[in-house]
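J.: Mind looking over this structure? Questions follow.
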Amino acid sequence: ASGRERMKALLVDVFSRLDAAFLLTATDPLLPQPCLAGSTALLLLLHHEAISIANLGDSRAVLCRNGDAIPLSTDHKP
């Protein structure tokens with residue numbers, strides 16, 4: 001697999017693990033009521049000269065260059 005494919009797989013794995021950990025906490029039967037919270041996250045990895053970005057929820061990565069906004073991520077849609 002290419003470096004780009006490995007990076008994508010790593011980012012998906014990180015977000016999947018965080019989601020699983022959140023769900024374990026949010027659905028804890030010892031809590032008086034289930035957690036109905038949402039989440040938002042943005043992760044940017046810079047490796048050599050490559051940038052990898054992962055986002056979920058209401059998160060957006062934007063680079064400002066010479067006063068211009070350059071989108072680095074695509075809005076997450078459930």
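Please treat every number below as a calculation from the coordinates, not as lab data. What you see is a predicted model, and the numbers here were worked out from it, not measured in a lab.
J.: Convex hull over the alpha-carbon atoms of the chain: what's its volume per residue in Å³?
T.: Taking the convex hull of the Cα positions in the chain, it is 118 Å³ per residue.
J.: Additional query: Can you show me the helix-derived [θ] at 222 nm for the chain, built from DSSP H runs with n ≥ 4 at -39,500 (n - 2.57) apiece and divided by the number of residues, rounded to the nearest 500.
T.: Numbers: 1 runs with 24 residues, N = 78.
-11000 deg cm²/dmol, from helical runs alone.
J.: What is the gain in length, in nm to one decimal, between residue 31 and residue 65 on full extension, counting 0.36 nm per residue of separation less the C-alpha to C-alpha distance? Each step should come with its number before you reach the end.
T.: Values: separation 34, 0.36 × 34 = 12.24 nm, distance 4.70 nm.
Difference between extended and current length: 7.5 nm.
J.: Considering the chain as a Gaussian network with a 10 Å cut-off on Cα pairs, which listed residue, 56, 46, 18, attains the greatest mean-square fluctuation?
T.: Top of the fluctuation ranking is 46.
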